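The structure under discussion appears below in the form of structure tokens.
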């Protein structure tokens with residue numbers, strides 16, 4: 001943890017407008033302590049390094065709307081590098097987040113009830129357990145072209161959904177932890193837990209991601225979540241979710257490629273057009289059908305240290321042809337390396353040469 005202690009800033013009601021947002025911009029080398037934005041509206045925070053040490057979150061926003069965070073470096077968090085709650089239209093771009101959970105195990109990025117926005121082209125690393133959780137009614141969120149690595153404690157790395165106190169959902173009648181969340185074109189590596197988890201979410205998808213160097217006992221998980229206090233239900237089960245066009249390499253001999261016990265998920269979940277490669281048997285634990293026509297389970301994609309597949313015959317043009325209709329379909333136009341792609345794209349986050 002950094003030994004430098006910088007004063008924290010707590011703002012309430014910082015309000016701009018759509019035509020005249022408030023800008024908080026750092027000069028070259030700008031570095032500040034933890035920043036909290038309560039009830040902020042139409043604000044841009046950019047080009048700043050935010051750091052702990054702190055017992056809490058480094059960047060914390062809640063009951064806010066229309067926020068843009070870009071070109072930030074956020075680190076040394078007692079809890080989360082970014083914590084967002086009960087907010088609409090939040091956007092995080094081109095930022096680096098690291099060294100979270102130094103006081104208590106906590107995600108690098110933690111959203112509870114954040115509706116509409118994106119998290120793109122970011123680097124998230126050095127976090128314990130769950131590294132990214134998008135839960136509590138979080139909806140209409142695009143998580144794309146990010147790199148997640150150096151997990152320091154076992155947990156589900158990227159959780160679409162999770163488990164939230166019913167009183168914290170936004171909206172409070174949300175019946176699912178996550179709705180229309182899409183993870184696209186991300187790289188996940190050097191992990192000790194499951195790279196992907198669908199937890200209490202509906203109509204969510206993980207598409208064209210690449211995960212490798214993971215030693216966790218499971219690779220893809222389907223789990224229940226909670227529901228909003230006014231929803232009329234207490235449990236949300238993943239339904240209508242899709243895991244397609246991904247490369248997943250790693251796991252354990254006795255572990256599972258899929259862990260989806262029947263009691264832990266709802267209907268219409270699909271896994272197709274993927275490459276799975278783990279040591280030992282496949283171990284498809286659950287009743288979600290195994291795609292035997294378009295997926296492979298015992299061939300090496302020959303990933304480089306950067307996640308680029310070398311086995312072109314295995315992945316070239318083999319991606320699903322029918323993802324354009326999914327949420328954020330018009331944004332599926334580039335791979336993780338920034339190159340233009342067309343459907344059906346190669347399997348994985350990076351097109352083969």
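Taken over region 147-174, the criterion of being within 17 Å of residue 204 (Cα to Cα) and without any contact (Cβ under 8 Å) to a residue 60 or more places away in the chain is satisfied by 157, 158, 159. Based on this model, can you work out whether residue 327 counts as surrounded by 20 or more Cβ atoms within 10 Å (Cβ to Cβ), in contact (Cβ under 8 Å) with a residue 60 or more places away in the chain, touching a strand residue (DSSP E or B) at 6+ places or on another chain (Cβ under 6 Å) and within 17 Å of residue 183 (Cα to Cα)? No, not satisfied. Just checking, how many residues over region 254-263 are surrounded by fewer than 18 Cβ atoms within 10 Å (Cβ to Cβ) and in contact with a strand residue (DSSP E or B) (Cβ under 9 Å, 6 or more places away or on another chain)? Residues that pass the stated criteria total 2. For region 86-114, filtering for residues that are surrounded by fewer than 21 Cβ atoms within 10 Å (Cβ to Cβ) and under 14 Å from residue 68 (Cα atoms) leaves 5.
Could you check region 115-128 and list, in sequence order, the residues that are under 16 Å from residue 158 (Cα atoms) and either assigned by TED's automatic domain parsing to the domain that holds residue 237 or assigned to a strand (DSSP E or B) (or both)?
Filtering region 115-128 down to residues under 16 Å from residue 158 (Cα atoms) leaves 118-128.
If the condition is that a residue be under 16 Å from residue 158 (Cα atoms) and either assigned by TED's automatic domain parsing to the domain that holds residue 237 or assigned to a strand (DSSP E or B) (or both), then 118, 119, 120, 123, 124, 125, 126, 127, 128 are the ones that fit.
Set side by side, the residues 206, 211, 226 differ, and just one is closer than 16 Å to residue 297 by Cα, touching a residue at least 24 places away in the same chain (Cβ under 8 Å) and buried (at least 23 other Cβ atoms within 10 Å of the Cβ), which is 211.
The condition of being part of a loop (DSSP other than H, G, I, E, B) and surrounded by 14 or more Cβ atoms within 10 Å (Cβ to Cβ) holds for only one of 299, 290, that being 290. Could you say whether any residue in region 39-52 is buried (at least 19 other Cβ atoms within 10 Å of the Cβ) and touching a residue at least 40 places away in the same chain (Cβ under 8 Å)? Yes. Could you tell me whether region 267-287 includes any residue that is more than 22 Å from the chain's Cα centre (by Cα), crowded, with 16+ Cβ neighbours inside 10 Å, under 20 Å from residue 236 (Cα atoms) and at pLDDT 95 or above? Scanning region 267-287 turns up at least one residue that is more than 22 Å from the chain's Cα centre (by Cα), crowded, with 16+ Cβ neighbours inside 10 Å, under 20 Å from residue 236 (Cα atoms) and at pLDDT 95 or above.
Of 305, 313, 254, all but one fail to be free of Cβ contacts under 8 Å to residues at least 12 places away in the same chain, in the same structural domain as residue 155 (by TED's automatic domain parsing) and in a loop (DSSP other than H, G, I, E, B); the exception is 305.
Residue by residue through region 301-342, note down the ones that are in contact with a helix residue (DSSP H, G or I) (Cβ under 9 Å, 6 or more places away or on another chain) and closer than 18 Å to residue 273 by Cβ. Those that are in contact with a helix residue (DSSP H, G or I) (Cβ under 9 Å, 6 or more places away or on another chain) and closer than 18 Å to residue 273 by Cβ: 301, 309, 323, 324.
Within region 310-322, the set of residues being closer than 19 Å to residue 188 by Cβ and either exposed (fewer than 13 other Cβ atoms within 10 Å of the Cβ) or within 22 Å of the chain's Cα centre (by Cα) (or both) comprises 319 only.
The values are calculated or read from the model by the stated rules, or taken from the named source; none is laboratory data. The structure displayed is predicted, hence computed values, not measured ones. Because the Cβ atoms are built from the backbone with ideal geometry, glycine has one as well, and the counts that use them run over all protein chains shown.
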